[in-house]
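See structure below.
The values are calculated or read from the model by the stated rules, or taken from the named source; none is laboratory data. These figures come from a predicted structure and were not determined experimentally. Glycine also receives a Cβ, built like all others from the backbone with ideal geometry; neighbour counts cover every protein chain displayed. Surface accessibility is based on the protein's heavy atoms, side chains included, excluding ligands, DNA and RNA. Shrake-Rupley method; radii C 1.70, N 1.55, O 1.52, S 1.80 Å.
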Amino acid sequence: ISDAVLLLTQETDTGMAPVAERTSSSPLEALMEVFHRQACRAVDPDVRLAALKGMRSLVSRCTVLWDSSPRRERIRDLAEQTLEVVLQAWENPQSRKLGSSIPGLFESLVILMQKFDVEEDSEPSASRFSELVRRVLSQPPNRKGRYLALETLLPITGPRILLEADGSKRLLQDLLAGIGDIGHNTGPIADLWAKILQQLLQEMRKEKGVD
């Protein structure tokens, strides 16, 4: 994986295009295509799990290379493809092990996406990530990963964007309903609700000038 991503950023001494650009498909694109296909279509859950782990390694490596890479558009494309895989995998995980691997991939992806903000004229994190919040909120309320993803986004967007992203305050309703239910989502829902309240309290104190 590291060698493939490095090919993406290499320039020759003669000023020629990188090796990846002189081929119809770069190593990064080829790897991503394989991981995407296996993560979404493989029948064997272990194969899907291995593909998700490979994608996380690829995303983490791209994060390291972002500052020095002249091929950032390809990395952006990788991030978008990875997001689609994450949302699809959360929608219908084949096994508990597979479902538990998705939050780590999403966290690595968010770290990479925050790198995009260093570019001139880029949107502020909170504004740009609000669209991602809406996409996560579109997941069924009984999905555990929905709340784990929102917990990852909370420090970036702040609590108000989470609660008001789609204009309906649906998350608030889902949180209150979820806490009252007895099920496997109660823990993640309660954790997210507690962190949202804590951040709201901190913001209110700050607005009022209270330490």
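Residue-wise test of (1) in a helix (DSSP H, G or I); (2) among the β-branched types (Val, Ile, Thr); (3) under 14 Å from the mean Cα position of the chain (by Cα).
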{"site": "Pro70", "(1), (2), (3)": "no, no, no"}
{"site": "Glu73", "(1), (2), (3)": "yes, no, no"}
{"site": "Asp77", "(1), (2), (3)": "yes, no, yes"}
{"site": "Leu83", "(1), (2), (3)": "yes, no, yes"}
{"site": "Gln94", "(1), (2), (3)": "no, no, no"}
{"site": "Leu98", "(1), (2), (3)": "yes, no, no"}
{"site": "Ile102", "(1), (2), (3)": "yes, yes, yes"}
{"site": "Ser108", "(1), (2), (3)": "yes, no, yes"}
Any residue in segment 27-34 that is modelled with pLDDT of 85 or more, open to solvent by less than 40 Å² (accessible area, probe 1.4 Å) and not β-branched (Val, Ile, Thr)?
-> no
Could you count how many residues in segment 127-170 are modelled with pLDDT of 85 or more and over 21 Å from Ile102 (Cα atoms)?
-> 5
Residue by residue through segment 200-211, note down the ones that are part of a helix (DSSP H, G or I) and in contact with a Lys or Arg (Cβ under 9 Å, 6 or more places away or on another chain).
-> Leu200, Glu203
Listed by first then second residue, the pairs whose first member lies in segment 145-157 and is among the acidic types (Asp, Glu), whose partner is at pLDDT 90 or above, with beta carbons under 7 Å and at least 6 positions apart or on separate chains, are Glu151/Asp191; Glu151/Leu192; Glu151/Lys195
Scan segment 113-126 residue by residue and report those that are modelled with pLDDT of 75 or more, open to solvent by less than 40 Å² (accessible area, probe 1.4 Å) and not aliphatic (A, V, I, L, M).
-> Phe116
Verdict on Ser95 being of a type in the set (Ser, Thr, Tyr), under 18 Å from Asn185 (Cβ atoms) and open to solvent by less than 60 Å² (accessible area, probe 1.4 Å) | yes
